[in-house]
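I have placed the structure first, in the form of structure tokens, so that the comments after it can refer back to it.
The values are calculated or read from the model by the stated rules, or taken from the named source; none is laboratory data. Quantities reported herein were computed from a predicted structural model and do not represent experimental measurements. Virtual Cβ from ideal backbone geometry, glycine too; neighbours counted across all protein chains shown. Side chains are part of the model used for accessible areas, which takes the heavy atoms of the whole protein and leaves out ligands, DNA and RNA. Shrake-Rupley method; radii C 1.70, N 1.55, O 1.52, S 1.80 Å.
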Amino acid sequence: QHNSDLLPTDGGVIKILDAGEIYGMFPSQKGLIVFASNGIWAIGGTDATTFAADEYIIKKVASITNVNFLSVVDVLGTPVFWTQGAIWTVAYEQGDFVLQNTSEAKIKRFIRNVPSGSVEWVKGYYNRVTGILQWLYRSTAPTTTEERYEYNSVLCLNTKTGAFYPYTINTTTNRLHGVVAVENASREVVFKYISSKASGSNALFKYAEEIDEDYIDWD
């Protein structure tokens, strides 16, 4: 209270010039990754110190714009996300954050065939036990607000092998709206899907799980 100078332990405001609208922030071991409408930035300490209010750096990682933050998935401390035409990750290499394209050499054509209107509303989640990452998306572009959050397709990434594989879901009687990875009754970590089913003029919401051996989980 007797010294107005900025101290290392003080709080404050960090301004990122030209960032535009901030969509979300991803904390990592080496810094804070900021997803904004005009690109991706990293905020961290200088080479000599950890982060302090009077000594920090702001670096632009990439010029990728308008990242759907719902698609950003935490894979053991590393962000993996789906944008128009590619799936990316931000890795830390030799003292800098580096943007890496993980789909270019594997499923480039498949990714580019997904409607851009669907990519804007993709949702993802990671199963830390199996190492599987799943994104829910629509095979057709949404035409209404409700359809933005109604999914009929899944893209999986096995982070242990690097393999991608997609599949579709029959949504004739049930609609899918989201995915999480939680423990089930057998203490296994599994994907559960937020689903709904029409009931008269109302909708019944529940968690669905892929357990039916006849492949009719959403019948």
Exercise. Work out Dmax and Rg for the stretch 54-96 from the C-alpha atoms and quote the Rg first, both in angstrom.
Key: 12.2, 39
Quiz prompt | Scattering profile of the stretch 1-63 at q = 0.18, 0.27 Å⁻¹ [log10 I(q)/I(0), Debye over alpha-carbon scatterers] | solution = -0.69, -1.19
Practice problem: Grab the other residues whose beta carbon is less than 14 angstrom from that of GLY12, score K and R as +1, D and E as -1, and report the net. | Solution: -3
Quiz item: Could you give P(r) for the chain, binned at 5 Å from zero, as whole percent values over all Cα-Cα pairs?
Solution: 1, 6, 13, 16, 16, 15, 11, 8, 6, 4, 2, 1, 0, 0, 0
Quiz item: In terms of the ratio Rg/(2.2 N^0.38 Å) built on C-alpha atoms, what value belongs to the stretch 1-129?
Solution: 1.21
Quiz item: Mean 1/r over all different Cα pairs, inverted: what Kirkwood radius does the stretch 105-167 give, in Å?
Solution: 12.3 Å
Quiz prompt | Protection-proxy order for peptides 56-62, 86-92, each taking the mean of Cβ atoms within 10 Å per residue, highest first | solution = 86-92, 56-62
Self-check item: Rounded if a/c under 1.5, otherwise prolate or oblate - the stretch 94-219, Cα gyration tensor axes
Solution: oblate
Quiz item: Using a 1.4 Å probe, what is the accessible area per residue for the chain, in Å²?
Solution: 59 Å²
Quiz item: Is there a pair in LYS106/LYS160; LYS59/LYS123; LYS15/LYS60; LYS123/LYS206; LYS15/LYS59; LYS123/LYS192 whose C-alpha atoms are over 20 Å apart, and which pairs would that be?
Solution: LYS59/LYS123
Practice problem: Compare the Cα positions of PHE69, ALA42, VAL98 along the charge dipole of the stretch 38-102 (+1 at Cβ of Lys, Arg; -1 at Cβ of Asp, Glu; about the Cα centre) and return the one farthest towards the positive end. | Solution: PHE69
Quiz item: Under a GNM of the chain (C-alpha, springs under 10 Å), which listed residue has the highest mean-square fluctuation: LEU76, LEU17, LEU32?
Solution: LEU17
Quiz item: Efficiency by 1/(1 + (r/R0)^6): what FRET value for GLU183 and ASP212, r their Cβ-Cβ distance, R0 = 25 Å, to the nearest 0.05?
Solution: 0.80
Quiz item: For ALA105 and HIS2, what is the calculated FRET efficiency with R₀ set at 45 Å and r taken between the beta-carbons, to the nearest 0.05?
Solution: 0.15
Self-check item: Segment ASP10-GLU150, length gained on full extension (0.36 nm per residue, minus Cα span)
Solution: 45.9 nm
Practice problem: Calculate the spin-label point distance for SER196 paired with LYS30, positioning each point 7 Å from the Cα along the beta-carbon direction, and give it in nanometres. | Solution: 4.2 nm
Quiz item: Measuring from a point 7 Å past the Cα of ILE58 along Cα-to-C-beta, which residues in the stretch 74-117 have an amide N at less than 18 Å?
Solution: 97
Quiz item: Rounded to a whole number, what % of the accessible area of the chain do carbon and sulfur atoms account for, probe 1.4 Å?
Solution: 49 percent
